[in-house]
1. From Ala26, Ala64, grab the single residue that is under 23 Å from Asn136 (Cα atoms) and either open to solvent by less than 30 Å² (accessible area, probe 1.4 Å) or of a type in the set (A, V, I, L, M) (or both).
2. Report, by residue number, each residue of the range 106-147 that is assigned to a loop (DSSP other than H, G, I, E, B) and surrounded by fewer than 18 Cβ atoms within 10 Å (Cβ to Cβ).
3. Could you count how many residues in the range 274-298 are in contact with a strand residue (DSSP E or B) (Cβ under 7 Å, 6 or more places away or on another chain) and closer than 20 Å to Leu179 by Cβ?
4. Restricting attention to the range 67-83, which residues are among the small types (Gly, Ala, Ser), within 13 Å of Gly106 (Cβ to Cβ) and crowded, with 24+ Cβ neighbours inside 10 Å?
5. Which numbered condition in (1) aliphatic (A, V, I, L, M); (2) farther than 20 Å from Ala311 by Cβ; (3) surrounded by 23 or more Cβ atoms within 10 Å (Cβ to Cβ) is the only one that Leu212 fails?
6. Please go through the range 232-253 and pick out each residue that is out of contact with any Pro (no Cβ under 8 Å at 6 or more places or on another chain) and either in a strand (DSSP E or B) or closer than 19 Å to Asp319 by Cα (or both).
7. Being touching a Ser or Thr at 6+ places or on another chain (Cβ under 7 Å) and basic (Lys, Arg), is that true of even one residue in the range 183-194?
8. Answer yes or no: is there a residue in the range 281-295 that is in contact (Cβ under 8 Å) with a residue 60 or more places away in the chain, at positive phi and open to solvent by 10 Å² or more (accessible area, probe 1.4 Å).
Amino acid sequence: MKITKRISPSSEGDITLFRIENSSGASVELSTLGAGITSVKVPDKFGVMGEVALGYENPADYMADGPCMGKIPGRYANRIAKGHLEIEGKTYQLNINNGPNALHGGPCGFQNHIWDAQMIPNGVRFSYVSKDGEENYPGTLSVTAEYTWSEDNVLTLVMKATTDAPTVVNLTNHCYFNLEGADSGTVLKHKLQLKASNYLPTDSTQIPTGELAAVKDTPMDFTRPKEIGIDIDADFEPLKIGKGYDHCWAIDQWEKGKLVEGSVVLAAPSSGRVLTISSTQSGVQVYTGNWLSGSPVNKSGVSYNDYDGVAIEMQGFPDAPNKSQFPSQELKPDQTYNETIKFAFSVE
């Protein structure tokens, strides 16, 4: 495995980018800005290498971007209603940055900090210390995100965190994929399959109501492979709220600490590329890039259009701190947050 690095300047300091290439020439590139994925190059069914992760031309443009492109948001990925947080009887008011709610940890969040990094065998370990009171979250949280790349084109991400006071944590990666090629246009012809019989209905501000709803006989049903775009314009209120898919599904057969193989399968019809995602996390937020237009210039020198990529965010449930019926995302000083996501690339 070959690992090289380069430095790119930004207003917040130097960004280091690590490129990991296996013996076949397939590679990933990772950035210290937000511990992000900036590139994934894998072969199609004809053996031709292609970029399948959406990304920007300038590494500094990932700072404070609307799409949160490729990065690890935190301290709490997704939404917390009205920024309200109560832990062990004490109330905290988080910073609001998404309508009336807190999203992805707040206006700055982990995704907009430059993390420390060190090379490890076949990968990179990123680390970040979130101080007590950052974005009004309690407790000093020490986080690591360890990426490794394999000879058979599997990118494994292990995210760990410890705290010195009770807090909440929910980490994911926010990479957008287009398996036909990152700059090839719409992702709506891709086929998606989710190991999920239920999804989380939301209110108009995309906060879960607290119930789980069956996907059967609705546009939310991806229990069998289905084109992402086939129902995206259906007369169905949840799809109108987000201008497409931007919802969390509950992973079937989830148990804490258990890796659910094949939680998500994404397949591109022309290239033959397949992405199979396995995870230890209870939910998956699927976001079809409904607001990508106007994002920074990509590697082809233009901006993406809406629906040019799909973000598949393995995570705990949004607003779980305010929903006791959801799996808890609380973390105490004697515990370790420990979650794994595996992105396996293949062809069919």
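The values are calculated or read from the model by the stated rules, or taken from the named source; none is laboratory data. It should be emphasised that the depicted structure is a prediction, and the values quoted were computed from it without experimental measurement. For neighbour counting, all protein chains shown are included, and Cβ atoms are generated from backbone atoms with ideal geometry for every residue, glycine included. Just so you know, the surface numbers come from the protein's heavy atoms only, side chains and all, with ligands and any DNA or RNA stripped out. Shrake-Rupley method; radii C 1.70, N 1.55, O 1.52, S 1.80 Å.
1. On the way: Ala26 fails: under 23 Å from Asn136 (Cα atoms).
Criteria check complete, one pass: Ala64.
2. From the range 106-147, those assigned to a loop (DSSP other than H, G, I, E, B) are 106-109, 113, 115, 121-122, 131-133, 137-140; that's our starting set.
Within the range 106-147, Pro107, Cys108, Pro121, Asn122, Lys131, Asp132, Gly133, Thr140 meet the criteria.
3. First pass over the range 274-298, keeping only residues in contact with a strand residue (DSSP E or B) (Cβ under 7 Å, 6 or more places away or on another chain): 274-290, 296-298.
Then drop every residue that is not closer than 20 Å to Leu179 by Cβ, which leaves 274-279, 284-290, 298.
So the answer is 14.
4. At the first step, the residues of the range 67-83 found to be among the small types (Gly, Ala, Ser) are 70, 74, 77, 81, 83.
Filter again for within 13 Å of Gly106 (Cβ to Cβ), leaving 74, 77, 83.
Across the range 67-83, the qualifying residues are Gly74, Ala77.
5. Leu212 satisfies every listed condition except (3).
6. Taking the range 232-253 as the starting set, the residues that turn out to be out of contact with any Pro (no Cβ under 8 Å at 6 or more places or on another chain) are 233, 235, 237, 240-246, 249-253.
Scanning the range 232-253 gives Ile241, Gly242, Tyr245, Asp246, Trp249, Ala250, Ile251.
7. No, the range 183-194 has no match at all.
8. yes
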